[in-house]
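Coordinate-derived values only; no laboratory data. For clarity, every value in this text was computed on a predicted model and none was experimentally measured. Don't worry about glycine lacking a Cβ; one is built from the backbone with ideal geometry, like all the others, and counts go over all protein chains shown.
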Amino acid sequence: MRDFSDLYAEIIMDHQKHPRNFGTLPIFDKEVQMTNSSCGDQISLQVKFEDGKIKDIKFMGIGCAISMASASVMTEIVKGMDVKEAKKISGEFIEMVTNGKEPADDLKDARAFSGVNKYPMRVKCATLAWHAIQKALSD
Ligand code: ZN
């Protein structure tokens, strides 16, 4: 029987190999670029809003497996969400990875990153995309 950590590793690997929502949008309302200098990860995020919701979202980037998989999972989760809800969930993710907080159920596949808390060097990799979406939603 597989344990949770195997399942989580599989989710991360799958998103790294087959990133969701990778690319650029023809029309977008917000673009955010962020880098994690401690690892060299770079992400560019484009967001299209409609009726207070994230209508579409895509990312481009280069970086380590954790940063790219985390960006892929993030876009999958927030796509179609209310802006308010997306702000809440990105805060939950950052709390979980940074402070080792118990993962909330609505984080779905993103719970796979809960173990990253044990590797301080990787925390910035896992949270990069989530800080980017928070910035895109903030102003
Ligand atoms: Zn990294």
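At R0 = 25 Å, how high is the FRET efficiency between A65 and E102 if r is their beta carbon distance? Nearest 0.05 is fine.
The computed FRET efficiency comes out at 0.55.
To test your reading of the geometry: what angle, between 0 and 90 degrees and rounded to tens, separates the Cα axis of helix 65-78 from the longest principal axis of the chain?
50 degrees
What is the distance, in nm, between label points placed 7 Å from the Cα along the Cα-to-Cβ direction at K48 and at Q33?
Simple spin-label model gives 2.2 nm for this pair.
Among the trypsin sites (Lys or Arg not before Pro) in region 1-47, which ones are in a DSSP loop with at most 14 other Cβ atoms within 10 Å of the Cβ? Mind listing them?
Counting only loop positions with at most 14 other Cβ atoms within 10 Å, the trypsin sites (Lys or Arg not before Pro) in region 1-47 are R2.
In debye to the nearest 20, how big a dipole does region 1-52 give about its Cα centre with +1 on each Lys and Arg Cβ and -1 on each Asp and Glu Cβ?
140 debye
Return the loop-located chymotrypsin sites (Phe, Trp or Tyr not before Pro) in region 1-82 (DSSP other than H, G, I, E, B) with at most 13 other Cβ atoms within 10 Å of their own Cβ; answer none if there are none.
Hits after loop and neighbour filter: nothing returned.
Suppose R0 equals 25 Å. What FRET efficiency, 1/(1 + (r/R0)^6) with r the Cβ-Cβ distance, do E95 and T24 give to the nearest 0.05?
That pair, E95 with T24, gives E of 0.25.
Can you give the relative contact order of region 4-138 as a percent, counting alpha carbon pairs under 8 Å and 6+ residues apart?
27 percent
Put one equal scatterer on each alpha carbon of the chain, apply the Debye formula with no solvent term, and list log10 I(q)/I(0) at q = 0.16 1/Å to two decimals.
-0.75
To the nearest 10 degrees, how steeply does helix 120-138 sit against the main Cα axis of the chain, on a 0 to 90 scale?
20 degrees
Starting from the Cα of K30, draw a straight line to each of the lysines and keep only those under 21 Å, dropping any in the same chain fewer than 8 residues away.
K48, K53, K55, K58, K79, K84, K87, K88, K135
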